[in-house]
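S.K.: My questions all concern the structure below.
Each reported figure results from applying straightforward, stated rules to the coordinates on display, with no laboratory input. Quick caveat: nothing in here was measured; it's all calculated off a predicted structure. Counting neighbours? That spans all protein chains shown, and the Cβs are built from the backbone with ideal geometry, glycine included.
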Amino acid sequence: METATQRSFMEIKDEAINQIQTIYDPEIPVNIYELGLIYEVNVDIDNNVHVLMTLTAPNCPAAESLPAEVEEKIRAIEGVKSCRVEITFEPTWDQEMMSEAAKLELGFL
């Protein structure tokens, strides 16, 4: 049986993913989660959220706005103590990281 604390941070992770799915790359009509830009969403027992994400390219025009939007939306979730968004380029993003839905939307299937 799950404890209230376990359920709480699992619910926060689910809500964080839901919030991330409302964020779109300004140049691509697909949310950043389906694009495969989010590598990890972790919530610790104190409800601090850590997001490991990448960008489609190091010189992406949204390099400043996307991580800030992710952080802002997750910080607004009830119960979240803090949020830290970390950008990585390892592994390098490529089209294979997109979900089937994103590939279909963009005409890659």
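S.K.: Report, to the nearest 10°, how far helix 4-20 tilts away from the longest principal axis of the Cα atoms in the chain, using its own Cα long axis and a range of 0 to 90°.
M.R.: Between helix and principal axis, roughly 20 degrees.
S.K.: With a 10 Å cut-off between alpha carbons and a GNM built on the chain, which of 48, 31, 59 moves the most?
M.R.: 59
S.K.: Which angle between 0 and 90 degrees, to the nearest 10, do you get for helix 65-75 versus the longest principal axis of the chain when only C-alpha atoms count?
M.R.: So the inclination is approximately 20 degrees.
S.K.: Could you give the nm distance between label points at residue 52 and residue 40, where each point is 7 Å from its Cα heading toward the beta carbon?
M.R.: In this crude spin-label approximation the distance works out to 0.3 nm.
S.K.: Now, a different point. Taking the Cα-to-Cβ direction at residue 11 and at residue 92 and moving 7 Å from each Cα, how far apart do the two end points lie in nm?
M.R.: The modelled label-to-label distance comes out at 4.3 nm.
S.K.: Right, here's the next one. Defining a contact as two alpha carbons under 8 Å apart and six or more residues distant in sequence, what relative contact order in percent does the chain show?
M.R.: 29 percent
S.K.: Pick from 32, 17, 77: which is most flexible by mean-square fluctuation in a GNM of the chain where alpha carbon atoms under 10 Å apart are linked?
M.R.: 77
S.K.: Net charge near residue 25, counting Lys/Arg +1 and Asp/Glu -1 over other residues with Cβ under 11 Å of its Cβ?
M.R.: For residues surrounding residue 25, the net value is -3.
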